[in-house]
Every structure is written in C-alpha cells, then in structure tokens.
1. In whole Å, what is the distance between the alpha-carbon centres of segment 254-288 and segment 91-110?
2. Work out from phi, with θ = phi - 60° and the Karplus expression 6.51 cos²θ - 1.76 cosθ + 1.60, the ³J(HN,Hα) of each residue of segment 320-334, listed in order in whole Hz, and give x for Gly and Pro.
3. What residues from segment 110-145 fall in the zone where the backbone N is under 17 Å from a label point 7 Å along the Cα-to-C-beta line of LYS154?
4. Filter the cross-link list LYS84/LYS188; LYS68/LYS127; LYS215/LYS252; LYS127/LYS282; LYS84/LYS187 down to pairs whose alpha-carbon distance in this structure exceeds 21 Å.
5. Search the structure for amide H atoms under 5 Å from the amide H of ILE266, placed 1.01 Å from N in the peptide plane, and list their residues when 5 or more places away or on another chain.
6. So, with a 1.4 angstrom probe, what is the percent of accessible area on segment 198-334 that is carbon and sulfur?
7. Could you compute the net charge surrounding ILE219? Neighbours are other residues with a C-beta less than 11 Å from the C-beta of ILE219; K and R count +1, D and E count -1.
8. How high is the relative contact order of the chain, given as a whole-number percent (alpha carbon pairs under 8 Å, six or more residues apart)?
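The values are calculated or read from the model by the stated rules, or taken from the named source; none is laboratory data. Predicted, not measured: the structure shown is a model, and the values here were computed from it. No Cβ is skipped: glycine too gets one built from the backbone with ideal geometry, and neighbour counts run over all protein chains shown. Protein only, heavy atoms only, side chains kept; ligands, DNA and RNA dropped before computing areas. Shrake-Rupley method; radii C 1.70, N 1.55, O 1.52, S 1.80 Å.
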Amino acid sequence: MKDIYILGIESSCDETSISIVKNGSEVISLSILTQMQVHANFGGVVPEIASRMHTENITMVLEDALNKAHMQVSDVDAIAVTYKPGLLGSLLVGIEFAKTLAYVYHKPLIKVNHLIGHIYANAIDHKLVFPLLALVVSGGHTELVIMEDDYNFKLLGSTMDDAIGEAYDKVARVLGIPYPGGPGIEKKALEGQNTYDLPRPMLDDSYNFSYSGLKSQIINITHNLKQKNEPLREADLACSFQYVAVEELTRKLELALKNTGIKNVIVAGGVSANKYLRGQIKEACAKYDAQVNIPDFIYCTDNAAMIAAAAYPLYLKKDFTDYSLNAESQANIC
Ligand code: KG4
Ligand code: ZN
C-alpha cells in the first residue's frame, strides 16, 4: 500500500503547531510554537492575544515543519485541522489556513476533534490494540472511554464538575504558583509530603469523577490559614492535592479494568505529562495485567502530530470535509 503523508494543523489554544505524519504513526516533522510565556504575564490564556499570535506565526511554523521534513505541501496527501473544542478565534486561524492550503494545492481537507487528537497521540510509534480503555485527562475534560475500534467510542464516565487539569490550574493559582499551573504543582509537590488530609471525591461505584470539592477544600484551608496568620505549607498542600487527584483517577480506572476485563489502556491529554500520574497509572494497570501506553511527553500536550495521526483513519475512510468547515468552541469525544 502507498504511504500516506498527512499535514496536521493545531491552533485551538496557545500553541501554533504543524506536523507531517506518515501512515498515522510515524512523525516526519513537528513544529510547535508556544505562546505560554506571553500569557503567563496575565495568569492565563488571553483569547485575543492568542488568535493574533497564531496569525502572525502560522506561516513560519509551516515553513519550519516543511524544512524539517524536507518536503513541500504538494508532497502530502491531505491537510488535517483541529476544528473543536477550543478558543473560536484561535481555531479559525488554523481552519482558514488549512482551507487555503487544501484549495491551493488540491488536497482533501480533514476535520479533527482536538480530544480525539489527544487519544490518537497514542497511535504515534505504537499500535492501538482494541478493545481499549482510554483515560482522558486534559484542561477541559476528564473521561473514561471504551474504544472497540478506530473512532468507536463509548463513554463510561466523566467529571461531574471540574476537569483534572482545571483543578491543577486553579489550585496552583491559590498557592501562588505561576501559570501554567499543572507543571508548577508537579514541581512543587516534589518538595513536599502528603500531610494534609483532604476529602476523597466520588467514593462510589460509578465511573464518574469530581474535582470541585477537592479544589474548594484547598481554597478553604488556604484562606483559614491566612486569616489566622499561620504559615501555609505550599509544597505539602501541592503534594497532598496531587495524591488525591491522581488516586481518584486510578480508583476509577481500576474499577473499569476489573468490571470490563479489558487489557489495554491508553492515557490522553495534557495532564498525562505528569510523572507522578504516569507512575501511578502504570502501577494500577500492572495489578490487572493490563498493557498501558502513555504518549512521549512532547505528544501529551497540544501538538499537531496527534491531529495528523487522528486524521489517518478518516483519510482511509475518505471522510473529507468541505470549505464550509467552521470552528466550534465546545465538544466531547462521543
Ligand atoms: O490537553 P491540554 O494540553 O489542553 C486541553 O486540551 O485542555 O491540557 C492542558 C492541561 C492544563 O490544565 C495543564 O495545567 C495540564 O494540562 N498539565 C499538567 C502538566 N502539564 C500540563 N498537569 C499536571 N502536570 C503536568 N506536568
Ligand atoms: Zn489539548
């Protein structure tokens, strides 16, 4: 069979990224330009600045991806782009750029759901074995999904309130840890001990998650100590938070492994870059003799290689889209 090269474009939040991926699994080139340092000055992503920076940078990112691959746009078989969920203005920059390339170079256009992109980051340098359990841990989603086949998703459970990444970011803010909060909490937690007795969320038999109670408890502890003028042990609180937040994931994952008998697990989304989480998930899977794949760090957070990888099964089905493609801010996996 002929090799298929897909050029993926990602611009849903604060990373402008373009990548060329061969046959949905081999990354030929990847270029990522992050705006994180700019948004850090404001404590979070400023949508207007994000879309303007995508516009300014996207051509340069394309050139970089093409140069690294020693390829031209005319060499690829299709153009794939993230169209949901994300910041509308940011998504539109990528979508219009993708449409232009597809039109000028006569290539099919493929639309990709960013969350499904995170899932297919696991298809890079790794063969997905079905059925599998996908644990999605991102800034906006916390979900446990069964995949019977490519693009066949069945939702087992999801968060009832905040996503785990959101909880990391909000707790970081309360503890005075600068944006982006997730990596900051991870680093801080290494300096501390699990000494705070925090509430365990969702101690039930469902596959759902909850993070707002845990977050509120940390806000309360912080405010109480401040009012009493007592010292806050930030590192211990970061460590205790991370312990409970990750335990919530492993408890539900183990329940699903036990009840479904599924032996393959993948982890997806920005929070899967967390080393403590990676270790705990691997331990949980080992208890059930399940194989687990977690993407390399570079493919955990937002990148265009995962978008090109997710587009490959759609390319094989000729699931192409036309130029009426628009951005959508909200989306789920299924
Ligand atoms: O998947 P992602 O890049 O964006 C969404 O699609 O939502 O995830 C971003 C989230 C943020 O909440 C960020 O704080 C978190 O992933 N994150 C981490 C780490 N790296 C990124 N959380 C904990 N530990 C990390 N090392
Ligand atoms: Zn993402």
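1. 36
2. Once θ is set to phi - 60°, the couplings for segment 320-334 become 9, 10, 9, 7, 7, 3, 10, 7, 10, 6, 10, 6, 10, 6, 9 Hz.
3. 129-135, 144-145
4. Values: LYS84/LYS188 32 Å; LYS68/LYS127 25 Å; LYS215/LYS252 19 Å; LYS127/LYS282 18 Å; LYS84/LYS187 31 Å.
As for pairs spanning more than 21 Å Cα to Cα, those are LYS84/LYS188; LYS68/LYS127; LYS84/LYS187.
5. LEU133, ALA134, LEU135, ASN293
6. Of all accessible area on segment 198-334, carbon and sulfur atoms account for 47 percent.
7. +4
8. Relative CO of the chain lands at 25 percent.
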